[in-house]
Each structure stands twice: as structure tokens, then as C-alpha cells.
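Enquirer: Have a look at this one before I ask anything.
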Amino acid sequence: MVQSVELLVDDAAEAEIRRQWTLLAEAGLPSVTPKAIETHRPHITIAVARQIWPRIDHALDELIFRPFPVRLGGVLVFGARHPILVRLVVPSEQLLTLQRRVYDIVSPCPGAPANLRPDAWTPHITLARRVPVRLLGDAVHAVAADRDFPTTITGIRRWDGDQRREWPVGRGR
């Protein structure tokens with residue numbers, strides 16, 4: 001399973017992403033189920049590792065965090081064989097700086113993927129995974145008409161995929 005560090009969005013953006021998940025479920029995407037909509041939380045992944053050591057968790061807790069604005073932008077498709085539908089998070093200096101700080105803390109851990117390196121990272125919120133190619137057009141159409149919208153990054157969380165639990169990190173939370 002995965003260990004990750006993720007940014008959380010404000011309630012309005014969370015509700016909007018959940019609305020888009022519902023539209024995708026109605027469009028027939030198998031990965032977007034009512035249970036997934038209920039149990040998953042919209043987030044922006046900024047670091048991942050196979051294992052995050054206790055000393056790294058301690059360093060994450062020492063991060064100073066203050067909420068800041070970002071803009072959720074257009075719809076993108078990652079991959080071809082098993083497409084992933086995402087909503088872009090428009091990169092800002094504040095977002096990129098925070099991601100680099102967190103990546104630098106987590107990068108010594110095993111299993112940090114290359115696509116999360118600061119020079120390779122594309123900030124996004126996942127809308128649907130493993131979109132069947134035959135449904136890709138319908139999926140994009142279901143959410144692409146929505147406009148960009150502002151949100152606030154309200155916190156940083158640690159996600160432990162092995163234990164399926166989350167907790168806040170960083171000071172100022």
C-alpha cells in the first residue's frame with residue numbers, strides 16, 4: 001500500500017469535487033462508486049513513499065503551515081492504457097514551494113516515485129482512475145463544462161494506506 005502526504009481543500013471545493021464524482025458515476029465510470037464518493041476525500045498528493053519512517057513523520061509535524069489560495073483548473077487525462085481523469089491544480093509559487101519542502105522531507109524514504117519530484121510533479125485532484133477508453137469521451141464531457149474555481153488549501157494530512165487512516169501534520173493546523 002501507499003504512504004502519502006496530501007493537501008486538503010476547503011469545504012466548497014470538496015463539495016464541488018464530490019459533485020463531479022457523482023456526475024462521473026452517473027456517466028457509468030466503474031471506479032466512481034457511491035461508496036467511494038462517500039469514503040474518499042478530495043486531495044492533492046504532494047509526496048508518496050512505500051514507507052514513511054517515524055523520524056520523517058516527526059519532521060512533517062514540524063512544518064509551519066498556513067492556509068493559502070489555489071485555483072482548480074481544467075480537466076486532464078493521464079496515461080493511455082488505463083487513463084486517469086484529473087482536475088489540474090494551477091501551480092502557484094506557494095504551492096510549488098510547499099510541495100518541494102514536503103518532497104525534500106519524504107524523499108529519503110523507500111519507494112518515492114519519480115513523477116512526484118518537484119521538477120516532474122503535476123498538481124491535480126483525481127476524479128476517476130482506470131477510465132475505460134470507450135467511456136473516456138463521456139467522462140470528460142461530464143465534467144469539462146465546469147469552470148475553473150478558486151479554493152483554499154486548508155491543511156496537510158498524512159495518509160497511511162496500510163492502516164487506512166489519516167491524521168493532520170504541520171504546525172498551525
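Enquirer: Each residue of region 5-17 in order: what ³J(HN,Hα) in whole Hz does its phi give by Karplus 6.51 cos²θ - 1.76 cosθ + 1.60, θ = phi - 60°, with x for Gly and Pro?
Expert: Once rounded to whole Hz, the list reads 10, 9, 9, 9, 9, 5, 4, 5, 5, 4, 5, 5, 5.
Enquirer: Would you mind estimating how fast region 91-140 diffuses translationally, via Stokes-Einstein at 37 °C and 0.692 mPa s with the Kirkwood radius over Cα pairs, in µm²/s? Spell out each step's value before the answer.
Expert: Working: Rh = 13.1 Å.
Approximately 251 µm²/s, per Stokes-Einstein.
Enquirer: Just to check I understand the Karplus step: with θ = phi - 60° and J = 6.51 cos²θ - 1.76 cosθ + 1.60, what whole-Hz values come out for region 40-56, glycine and proline as x?
Expert: Using θ = phi - 60°, the values come out as 8, 10, x, 7, 10, 6, 10, 7, 9, 8, 5, 8, 10, 6, x, 5, 6 Hz.
Enquirer: In addition: Taking only protein heavy atoms into account and a 1.4 Å probe, give the accessible area per residue of region 105-171 in Å². Walk me through the numbers on the way to the answer.
Expert: Details: 3570 Å² over 67 residues.
Solvent-accessible surface per residue comes out at 53 Å².
Enquirer: Kindly report, to the nearest 10 Å², the accessible surface of His40 as traced by a 1.4 Å probe over protein heavy atoms only.
Expert: 90
Enquirer: At 0.36 nm per residue, minus the direct Cα-Cα distance, what do Ser92 and Asp10 gain on full extension? Give it in nm, one decimal, please.
Expert: Working: separation 82, 0.36 × 82 = 29.52 nm, distance 1.70 nm.
Between Ser92 and Asp10, full extension yields 27.8 nm more.
Enquirer: Label-point separation (nm) for Glu38 and Ala144, each offset 7 Å from Cα along Cα-to-Cβ?
Expert: 3.2
Enquirer: Ordering Ser107, Ser4 from largest to smallest accessible area (1.4 angstrom probe), what's the sequence?
Expert: Ranked list, largest accessible area first: Ser107, Ser4.
Enquirer: A follow-up question, please. Ignoring ligands, DNA and RNA, how do Ile64, Ile125 rank by accessible area with a 1.4 Å probe, largest first? Working shown, then result.
Expert: Working: Ile64 95, Ile125 0 Å².
Putting Ile64, Ile125 in descending order of accessible area: Ile64, Ile125.
Enquirer: OK, next. Over the chain, calculate the relative contact order: mean separation of alpha carbon pairs under 8 Å at least 6 apart, over the residue count, as a percent.
Expert: Once normalised by length, the contact order is 38 percent.
Enquirer: Using only alpha-carbon positions, what ratio does the radius of gyration of region 42-120 give when scaled by 2.2 N^0.38 Å? Please report the intermediate quantities before stating the final value.
Expert: Numbers: Rg = 14.0 Å, N = 79, 2.2 N^0.38 = 11.6 Å.
Dividing the Cα Rg of region 42-120 by 2.2 N^0.38 Å gives 1.21.
Enquirer: Provide the three semi-axes, in whole Å and in decreasing order, of the ellipsoid equivalent to region 82-173 as defined by the square roots of 5 times the Cα gyration tensor eigenvalues.
Expert: In descending order the semi-axes read 27, 18, 15 Å.
Enquirer: Treat each spin label as a single point 7 Å out from the Cα along the C-beta direction, and report the Asp160 to Ser107 distance in nm.
Expert: 2.6
Enquirer: What translational diffusion coefficient, in µm²/s and rounded to a whole number, does the Stokes-Einstein relation yield for region 1-147 at 37 °C and a viscosity of 0.692 mPa s, taking the hydrodynamic radius as the Kirkwood radius over Cα pairs?
Expert: Using the Kirkwood radius from Cα pairs, D works out to 202 µm²/s.
The values are calculated or read from the model by the stated rules, or taken from the named source; none is laboratory data. This is a predicted model, so every value here is computed, not measured. Because the Cβ atoms are built from the backbone with ideal geometry, glycine has one as well, and the counts that use them run over all protein chains shown. In case anyone asks, the SASA skips ligands and DNA or RNA and just uses the protein heavy atoms, side chains included. Shrake-Rupley method; radii C 1.70, N 1.55, O 1.52, S 1.80 Å.
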